[in-house]
Ligand SMILES: [Zn+2]
């Protein structure tokens with residue numbers, strides 16, 4: 001049985017994408033200070049990137065690393081753009097994102113557009129954090145143009161972190177919707193994985209769901225596992241969180257212990273759920289019967305924490 005200390009050291013050596021801190025001070029106290037923002041924008045060391053429809057330009061730096069395409073503010077395409085202030089790094093460099101309808105064209109062919117799901121695993125923690133921040137703000141801005149209190153069109157303030165209603169004075173702040181994601185184990189230390197109806201064939205992953213109003217995270221874990229798989233859960237232990245701005249979630253990862261192995265799927269969201277021993281999952285992945293969670297999602301890391309290391313890869317089919 002792994003302990004929470006083991007889990008912490010495992011996430012230290014192999015950080016969860018978008019979870020590791022990128023060393024950016026968001027300097028939230030400066031967002032309302034227009035004079036400070038103007039000086040920060042025009043400072044020669046300031047760096048700017050463009051975000052559009054969840055994408056930004058990324059490029060290979062020539063040394064095998066991938067970074068966001070950034071430019072000084074005097075080169076930035078500021079017309080018809082919304083400007084988001086994202087923070088300051090340890091060297092005092094200020095970062096801004098410009099939200100535009102289209103990404104800027106480039107004279108060279110090195111840069112390419114990428115969404116956060118792809119860029120998140122390629123970029124440094126600093127660039128991934130900057131991009132997640134900008135994409136989250138863009139998603140929120142896009143769907144909150146009108147006041148939810150009176151219906152009037154709202155205007156952007158606080159360097160992209162506030163929308164203010166000129167009619168009723170309401171202030172609207174960016175939303176983050178908490179969602180729980182959990183790996184459930186039983187008394188034989190088998191893992192419960194389920195598959196959603198619309199997933200590709202063989203895909204199995206952890207269960208997950210949104211936290212409801214007035215509900216604790218622990219209660220949400222118990223409720224979601226009960227609803228989706230019919231499995232009763234006792235002990236619930238927090239592992240880590242992951243920003244998930246698709247469009248506005250924060251994934252809160254848990255390990256949970258079933259009090260009974262009996263499964264009864266809802267057949268609505270989850271069409272199948274199974275208990276896997278480590279040998280079961282190894283064999284099922286090898287034969288191609290099961291596709292484990294992959295990519296940047298914390299789901300893959302929760303399964304790996306239980307498994308005790310990276311999951312095996314499927315055998316190549318010829
Ligand atoms: Zn209003």
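The values are calculated or read from the model by the stated rules, or taken from the named source; none is laboratory data. Since the model is a prediction, treat every value here as computed from it, not as a measurement. Reconstructed Cβ throughout: ideal geometry from the backbone, glycine too, with neighbour counts over all protein chains shown.
Miscellaneous remarks
- Checking 223, 264, 282 one by one, the residue that is in contact with a helix residue (DSSP H, G or I) (Cβ under 9 Å, 6 or more places away or on another chain), part of a helix (DSSP H, G or I) and assigned by TED's automatic domain parsing to the domain that holds residue 182 is 282 and no other.
- From 158, 191, residue being closer than 26 Å to residue 237 by Cβ and surrounded by 13 or more Cβ atoms within 10 Å (Cβ to Cβ): 191
- Residue identified as under 25 Å from residue 18 (Cβ atoms), away from the ligand (no atom under 16 Å from the Cβ), at pLDDT below 95 and not assigned by TED's automatic domain parsing to the domain that holds residue 247 among 94, 106, 117: 117
- Scanning the stretch 54-92 for residues being closer than 22 Å to residue 114 by Cβ and touching a residue at least 40 places away in the same chain (Cβ under 8 Å) gives a total of 18.
- Residue ranges of strands (runs of 3 or more DSSP E) in the stretch 132-202 with at least 2 members within 16 Å of the ligand (Cβ to nearest atom): 155-157, 162-164
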